[in-house]
Each structure stands twice: as structure tokens, then as C-alpha cells.
Amino acid sequence: MTNPGQAAPAGRLGMARRLPRPRLEVALFVVLLAALAWLVLPPLLVLIDTSLHGSAGKQTGYTLDNYDVVLRSLAGGPELLVNSLVFAFGGAIVAVILGTTMAWLAERTNAPFANVAYLAAFFSFAVPGIIKIIAWIFLLGPNAGFLNVWAMKLFGLESAPFSIFSMGGMIMLDGISWAPVVFLLMTSPFRAMDPALEESAAMSGASSWWVFSRITFRLAAPTVAAVLLLTLVRSLQAFDIAALIGIPAGVQVFTTTIFLEITQGFFPSYGNAAAYSVVLVAIVGLALIPYYRLSQHGQKYATITGKGFRPRRIDLGRWRIPAGAVMLLLPSFLLLPVLVIIWASLLPYIQPPSLEALRSITLENFPIAFSNSSIVRSITNTLIVSSSAASAVVILTLVAAWVILRTRFRGRWIIDLLATLPLVFPGIVLGLAVLQIYLTVPIPIYGTIWIIAVAFVAKFLPYGMRYNHAGLLSIHRELEESAQMSGASFLMIARLIIAPLMVPAIVASWIYVFLVTSHELSEALLLSSPGNEILSITIWDLWLNGQLGSLMAFSVVITFALVLLAFVLLRFSRSQGQTI
Amino acid sequence: MIRATWRKLMPVGIVAAMIASACSAAATPQPTAAPTAASSVAPATSAPPAKPTNLAEYAAYQGSDRTAILEACATKEGQVFWSSELAGGVITAMKTAFQKKYPGIAVSEQSVAGSDFVPRMVQERQAKKYTVDAFEMSSDSQLLIATLDMRQPYWSPALANYQDDAKEVATGGLVYQVVDRYSLMGFGYNTKLLPASAVPTTYADLLKPELKGKMVMSGSGSSGAQLFGVLVTTQGADFATKLKAQNYTIQQVSGRGLLDLITAGEVAGSPTIYQSHVKTDAAKGAPVAWVPLSPVSANAGGSSVAKDAPHPCAAVLLTDFILGADGRTVLDSFFYANPGAKFDYKLSVPGAGMTADAYNTKIKEWDALMRANATAK
């Protein structure tokens, strides 16, 4: 939720109160409210409604049978709840420790390879997560994982030192998949931190560690806590790692339970799946409460002032080389899976690197992959779905941010609430809810790419709000007031003042939503049907159906295409003065 | 008022609709027996219409110009959507062969587990949104599909090539499905990881100490559940508990996907592997082999035309192609067993002799049994 405490005042002259409210403003508010309500509320209501009906559907009337199943499952053993929480907390802690350490090293020390880490963090958005997970299976599988086999040979071990198919493997993968996000989120606070306190301590003879632990870390603690909570929420909602690693490891969490309720047997148990979903939504909602509280009271910890300063970089001395090794972790986590998929794409069947395998290298997987119409279709579908979803999210959240910050409607908090509510929906839950809605309402998008686009728009509203709310907040409203006093119409103000100044935020939010939706799996999984597959669904299907050669060839092409696209978008966003 | 509106907006329960569908199907009954129990196809009782104009007529047309009429009409339609439980390269190969013969018709293919396909078809029919033209599904999926009135009865010039027990007969000399291949599930293993002495030859051998910690079951689709069905039926209800001591795990992939992990050396062996996939990979030099465990669970893949197929001519033409010599050549090249072949072991066709409801209940039970006894790490 955007912070009401941060909302700009109505203007020094209180002009907004004196000027008549334009009809267009009212129309915008009403249309926006209706659009957001339609995107966000029906999934929640449908989910609750479905969870309250038995296996024979509505003909049985309302019942708590599905919740009884959930309660009995939880009472039968604590595994489901414990697994979900251990996985989520573990992944979040690993991500935060890794991402925050690297952000601190990059921004506040003279550790080498900072730029490489930045690029790796950004490009990690471009490589689909499901491809990375599959590659890690080939790297750290307990019996034939390339890294395990090498380690066993090198150290004379009898068994693999680490198995990816374990709770530890799930936590490690979740942690390293979210570390780039944490890294990017934490660099700004470290970069903008006033070094006066640290410098005073250093001048008083404090060691670097003392300064870091007693001053730097404490100043950053609220941000770290907020990022930790956000990462925790994402980990609770994680599906791909839970499915591809958790199920073989025998570690079931809420998201995989929901998935299996729908896919086990021939007739889905939607009621049970919905009841599990409601419980998961409640857990996620609980985790978000402290996050909002921290966000709302963030100004207490403000270290950015109007005073000009240049943060001092700590000289790491002999620790510079180990710090450089830490900075190379992110690039390694990105590069290793990419190398594996390139290797696997060139083989008739998967083999560990060897001279014998080198002799069997072939390019035959590539033409086979691209003769598969699902693969070709999924590329076009993804481009349409992701660009449409990104555009819709940007437009809706830009208008929402404007209504929240620039108008005096009493109900504008509802806009804020609606645009932020989807954070509580795990992707698979939102997919289930959207599926059920569009099967019955007379809006003919079921089975088309547009049902996936609608789910993406709903899911990514909060992320669009983060960019556009912050962007509009940074533009003082006196510019608009001056134009208004000079007789400019609302549309002129929007076109000539707001839009140009908001370009960086718009570009950044569009790129973010585009890149993330281009390989989002969990929302789309239940919404996909013949003809509307997107990249992530095609990759999932190829993995499930054992078309490994085609999968790897397709993944190589997609990875390079997305990285190239990300590079172009990065250059463009930097030309607009914006970081993503 | 608002409450009433919301009630209208609330989706009708899928399961309720399934029951309704089943009820309506009961009004126009279709045979639900597995194709192995079907009787022979009766000769056509009346002359086909001179000029077919809709799906039912195209599907039933038996004139000598059938292929020419279908090809001309299908070329105008320009495309066909085919869903199949076949996994691996065979789908693309079938598509490529069809498009080579009929270059004006683009095939969109989808490899999908029956447990995903059936509910999706139910949902689409509820919503009156029809995407699938033709499909090739295993016997257990066809068992459920039969109760849901999803198939268009058809005739094909290739019917004569199939034995009677491969056909699920409709009225008027037509069929609902023809079994075009058997996918035989047995024990697939990596020859570098398992010595000959460890390879099982019976289900009881799955308890061999050498296999402890080395077996993985396929958790996607119904292969794993089918295996546990056979185990419960042939070895007794407590066999799953005994198998638990073998510390097996589950991979959420199909049998075909699991074979990739066996080839890679990540998994030593699995009793949920299909013979055709192993033969295909072994032909490329992969260190894999397959042995039958009798009775072998045999997924009998049957070709059907979807009721309300959006591209009726192309749907029928594709089905003729799959059942004909061209389709047989593709299936043979991927080592799928011909349903007319003789086998050295007993076959167990999933769902045979069961009602759809009973089978759905059982498959969930067996799946739950497999997951409950799997090892957690």
C-alpha cells in the first residue's frame, strides 16, 4: 500500500479546494474505481464462494466441508504449515542476507565487480525462473548433478555433498532467485544514506565492523525488515520451485497442495483447492500487515536530507578480494544455469560434460524445437500478453497515483487499497479465481490470451503503483497549479506536464512488468489452454512431457532474446534517467 | 439486490456441471466400456449423404471421394487443433508428416495429460468455447470422456485395418475411438547405474534391496497412480507400505520426462517408464533399457474427433491420417506398440471394466497412496 503519510498536500495555496472539480476528474475516478474493482474483487469473492461449496457444487448449498478437509489435513500433521513457513522464511533470509551484503559492498565499499553484479541482477529478470530451476537440477542433482559429481571426484567423496531435492535445496534456490531483487532494492538506501554518523564514529576510532554493525546496519534495519517481509510474502507464494524441487523432495507446501488438488485425478477438487487458497491468502495477508506498518513509519528512519553529501566508501583493505568473490556470486548464479542449458541444447540426450559427450554435439534440437507450433505460438502470445499487461498496468496505476495524490476525493483510499490488494494473492490462487470467473461471465476471453493478460494486470497492479506513485510524488504540484492558473485544461496539463515528467517512472514500470510477466508461470498455469500458451507454460509442458532437447534449444533462444531485449530496455531506461 | 447480482456472477461449480453433463449424457447414452471390450463395427445401414455439410456428415461420409472432399474443405479451414497424451517427439513428427501430405492445413498440436485434458474439455464445453478438433487419449481418459459426450462418432477408411477390440463402436457403423497404439509401462533404468542383478522382472522384485533409494515415480498425469493400481490389485493392499521402505521419491514429470532424468543418471530406474520412449532414446545411444513387469499397464491410445470441432473437415481428415498407413509409420518410428501385436506378457488396460466415477475415485486413491508412501527429504 502506498504510504498515506507520504501523500503530497493539496498545495500551499489549498488551490485544489477552491477550484471546481472538473468533470473529467470525476469520470476518471469512477472509471478507475470500476476497473480496479472488477479486476480485484471478483477473484476474492469467487474464491471464498467456491471454498464454501461441496463437491457437488452449488446444488448442495453452502458448506464448510472444504475447510474441514483443510483443518483435518493440518491437524493430521504440521508438515504442510511448517514446510510452507520454513521454506518461505528460509528463502527470504538467504535472499536478504545475500542481496543486502552485496548491496552494501557495492554501494558503501571499494569491493570490485560492483558493475558486474548490477548487470547480473538486472539480467536475472530476463532469464525465466523455471529454466534456471531445471538447470540447477542438472547442476546439483544428488546422483548426477555436474557440480556434485565434480566435487565427489575432487574430494574423493562417496556421496553428493548437496542435494537440490531437499528443503535446503528449495531454500537455496529461492534465496538466490530473489537475491537480485533484494540487491536492487537495497542499493538505493545504502547509496542515499547520510555518512555523517559513520564518519563521526570512524573519526572517533571505531573499527569498520563496529561502524557497520552499530550504525550502518541499524540505519538500514527498517528497510531490511520491509524487504525481508516482502521477500517472505513472495516465497510463501512461490510455486515453480515448490513444484519442481519440493515434490521430488517430498516437501509439500500450500501452493503445490492447491495445484495437486486441481490436477490429481480427472475431476478437479476446486472446493478443496479454494479452501487451501483462502488459508494461504490469510497467511500472506498477516505477513503483509507488519510490512505496511514499516512502510508507513519509514520516515522516522529517514537519512536522506536536503544536505548535500557524497557517501564515503569504506576501504576493505585485505578483505577486498574476498568481497570481490562475494560480488561475483550473482553473476555466477546467473551464468552457471545458462551454461548448462547451452550445453544440454547441443546434445541428443543430457550427459555430463566429457570428451565423449563433446563428440555427440549436434544442432538438431533447434530445428525440432522451432517446428513445434506450441513453441512458436508461445513467443507471439507472450509478446502480446506481456506488452498489453504492462501497458494496462502502467495506465491504470498512473491514473490511480494521480487520483490518490492530486485529487481530494474522499474515497481515493479505496483506489489505493484496490491497487494494492492483489499482493495477497499467490499466483496460482489468482489463476484459479480468474479461471472460474471467466468460465461463467459473458465476457468471451476464456481460452484466449486475454484471460492471462487480465490475470497479469490484476497481479501486477501493486508493482505499477510502486513506480508511478513514487514518480508522481517527486513532481511538485505547483507546476500543475501554475498551468491551471494560466488557463491550461486538464488534458493539456496531463499531456504537457505530467506525462513528460513521468516518463522515467512509466518506462521503468513498463519494463519491469513486461520482463516479469514474460516468464511468469503460476498465474498462467491454470489459465492456459490450447492456443493461448505463453513462454512459461510451454517450458513447463516441455519439461513435464520430456522434450528435453527441444526445451533446452528453446530456452537458449529465449534466454538470449530476453537478455538482448533487457539490454535494449536498460539502455533506453538509462537514457530516460531511470533505473529499474 | 447486490447479493442477487453477485450470485449471478458467481461461477457455476465445475463438479455440478460435470454431474449435469453426465446426466445429459445418460439421456443419450454412449458406451463407456474400454475399447478392448467393444464389439465389432456393424456395416453401414444407410447410404451416406451425397454432399456432407457439417461435422456429423463429414465424419460419417463413406464415399470414394471422402479424402478429396475432406482435403478441399480442410484446406479452406486452414488449420486443425490436435491434443494428445502422446509425449516426446512423436507429436511433432505426426504434425510434420500430416503437413507434408496436406501443406495447406496447419496443425497446432498439444501434448497434454488426460487428467488435464478432461477437466479442460468439460470447462470449455460449459463455456461453449471449442478449441480442440481431434484428440488421441489413453483408455482411462477415454473412459471419462465417454461419459461427458465430447466425441463425434466417425467412420474412417482405415477402420478395416484394426481389430474389432480396438474400436469403441457407436451406432450406424461409426466409432467413437480407435486404439491406434499401446504405450506399455514397465521398468526403465540406466544401464550404467543398475547392474543386471538389480533389475526387477516382477513387481515383487521392486522390493529388492539393491533398488533401495534408487527408484522414482512419475507424478504428472496418471502413470504413477496407474502403477499403484496394478500393485494394489496384483500384490495386495499392503504392498505400497512395503514399497515405502524402498525410499522411493516422486518427480512431477511424465514418464517421458522422468526418462530424461534416468538418461542423465540422476535417477537409476523407475517402474513408470514407457517402452516406446526407452527404445527411442536407446536408438540415439542413451544408456537406458526397459523390462516389462507383468501384467504390463498398457495405455491404449484412441483417436477421436471432438464434438463441436471448430474445424470439422480438418478434424476428420487428421483422424483418418493418424489411423491410416501414414500415421502408423510415424507411430512405428517411435516404437509404439501396434494394438494388433502379440505380447509375451499380460496387459492391464487402465480403467477396463470400471465405470468412470469408480475409476476417478480409484485413481485419486492410488495417487494419494503413492504420495503418502514417498520419502520426504
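Checked against the criteria, A:G61 counts as open to solvent by less than 60 Å² (accessible area, probe 1.4 Å) and part of a strand (DSSP E or B).
Taking each residue of region B:98-112 that is within 12 Å of another protein chain (Cβ to nearest Cβ) and looking for partners that are among the acidic types (D, E) and surrounded by 20 or more Cβ atoms within 10 Å (Cβ to Cβ) with beta-carbon atoms closer than 7 Å, six or more apart or interchain, yields B:S111/A:D541; B:V112/B:E85.
Of the residues making up region A:368-383, one or more are over 21 Å from A:W543 (Cα atoms), away from chain B (no Cβ under 14 Å) and surrounded by fewer than 20 Cβ atoms within 10 Å (Cβ to Cβ).
Here's a check for you: in region A:153-202, which residue that is among the aromatic types (F, W, Y) and touching a residue at least 40 places away in the same chain (Cβ under 8 Å) is surrounded by the fewest Cβ atoms within 10 Å (Cβ to Cβ)? In this case the residue turns out to be A:F190. Could you list all residues from region A:250-281 that are among the polar types (S, T, N, Q), touching a residue at least 40 places away in the same chain (Cβ under 8 Å) and open to solvent by 20 Å² or more (accessible area, probe 1.4 Å)? Hits for region A:250-281 are A:Q252, A:S269, A:N272. In region B:93-114, the qualifying residues are those that are open to solvent by 10 Å² or more (accessible area, probe 1.4 Å), at pLDDT below 90 and not in a loop (DSSP other than H, G, I, E, B), and the one that is farthest from A:G531 (Cα to Cα) is B:S111. Tallying residues that are modelled with pLDDT of 95 or more, open to solvent by 20 Å² or more (accessible area, probe 1.4 Å) and not in a loop (DSSP other than H, G, I, E, B) within region B:280-310 yields 3. Considering every residue within region B:301-309, establish whether at least one is in contact with a helix residue (DSSP H, G or I) (Cβ under 9 Å, 6 or more places away or on another chain) and over 19 Å from B:M137 (Cα atoms). Scanning region B:301-309 turns up no residue that is in contact with a helix residue (DSSP H, G or I) (Cβ under 9 Å, 6 or more places away or on another chain) and over 19 Å from B:M137 (Cα atoms).
Is it the case that B:A341 is part of a helix (DSSP H, G or I), more than 10 Å from chain A (Cβ to nearest Cβ) and over 28 Å from A:L548 (Cα atoms)? Walk me through how you get there before you give the answer.
Numbers: part of a helix (DSSP H, G or I): no; more than 10 Å from chain A (Cβ to nearest Cβ): yes; over 28 Å from A:L548 (Cα atoms): yes.
No.
Looking across region B:231-257 at every residue that is within 14 Å of B:M185 (Cα to Cα) and more than 7 Å from every other protein chain (Cβ to nearest Cβ), the one that is surrounded by the fewest Cβ atoms within 10 Å (Cβ to Cβ) is identified as B:L231.
Pull up region A:207-222, narrow it to residues that are hydrophobic (A, V, I, L, M, F, W, C) and open to solvent by 30 Å² or more (accessible area, probe 1.4 Å), then point me to the one that is farthest from A:W136 (Cα to Cα).
If we filter region A:207-222 for residues that are hydrophobic (A, V, I, L, M, F, W, C), which is where we start, we get A:209-212, A:215, A:217, A:219-221.
Next, only the ones that are open to solvent by 30 Å² or more (accessible area, probe 1.4 Å) stay: A:209-210, A:212, A:217, A:219, A:221.
Details: A:W209: 35, A:W210: 38, A:F212: 34, A:F217: 32, A:L219: 36, A:A221: 32 Å.
Going through the qualifying residues, I end up with A:W210.
For region A:330-367, the set of residues classified as more than 34 Å from the chain's Cα centre (by Cα), touching a residue at least 24 places away in the same chain (Cβ under 8 Å) and open to solvent by 40 Å² or more (accessible area, probe 1.4 Å) consists of A:E364 only. B:A47: open to solvent by 60 Å² or more (accessible area, probe 1.4 Å), farther than 28 Å from B:S183 by Cα and modelled with pLDDT under 90, yes or no? The answer is yes for B:A47.
The values are calculated or read from the model by the stated rules, or taken from the named source; none is laboratory data. Everything numeric here is computed off the predicted structure, so don't read it as measured data. When we count neighbours, we look across all protein chains shown, and the Cβ atoms used for this are built from the backbone with ideal geometry, even at glycine. Note: accessible area is taken over every heavy atom of the protein model, side chains too, but ligands, DNA and RNA are not part of it. Shrake-Rupley method; radii C 1.70, N 1.55, O 1.52, S 1.80 Å.
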